[in-house]
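Working notes, structure below.
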Amino acid sequence: MGRLNGFSGGVNAIAFSPGGHLLGVANGRQAVIQDLRTGRAVVTFSALPQPVTWLCFSPKGDVFAMAASNAEGRRMEVASGRRGGGLAGVERV
């Protein structure tokens, strides 16, 4: 088992990319995408005001989504790290 790079502390949520070579890890208000082949952090997202509790990759693996406990969410482009907007239809359950 390897080490998760890019942050320290506990893990709130994880998600594997469809190809299985990327791992999204949430820690507090940030999420890190790590390349499992190299062990390096690819990109770090620090965009939510509340702790991240949910992560997901799109079926193609090109978009990464995260949401917080207050139902606020973000979409990010994996390759560029650019923000792709909010998550329409997310509601608190």
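Compute the Cα gyration tensor for the stretch 29-76, then decide on rounded, prolate or oblate, letting a ≥ b ≥ c be the square roots of its eigenvalues: rounded whenever a/c is under 1.5, prolate when a/b is larger than b/c in the other cases, and oblate in all that remain. Write down the numbers at each step before the final one.
Values: a/c = 2.62, a/b = 1.55, b/c = 1.68.
Oblate, since a/c reaches 1.5 and b/c is not below a/b.
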Sorted list, accessible surface of protein heavy atoms, 1.4 Å probe, largest first, for LEU48, LEU36 is LEU36, LEU48
Once all protein chains are kept in place, ARG75 shows an accessible area at probe 1.4 Å, nearest 10 Å², of 100
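The values are calculated or read from the model by the stated rules, or taken from the named source; none is laboratory data. Since this is a predicted model, take the numbers as computed values, not measurements. Remember, those area values only see protein heavy atoms, side chains included, never the ligands or the DNA or RNA. Shrake-Rupley method; radii C 1.70, N 1.55, O 1.52, S 1.80 Å.
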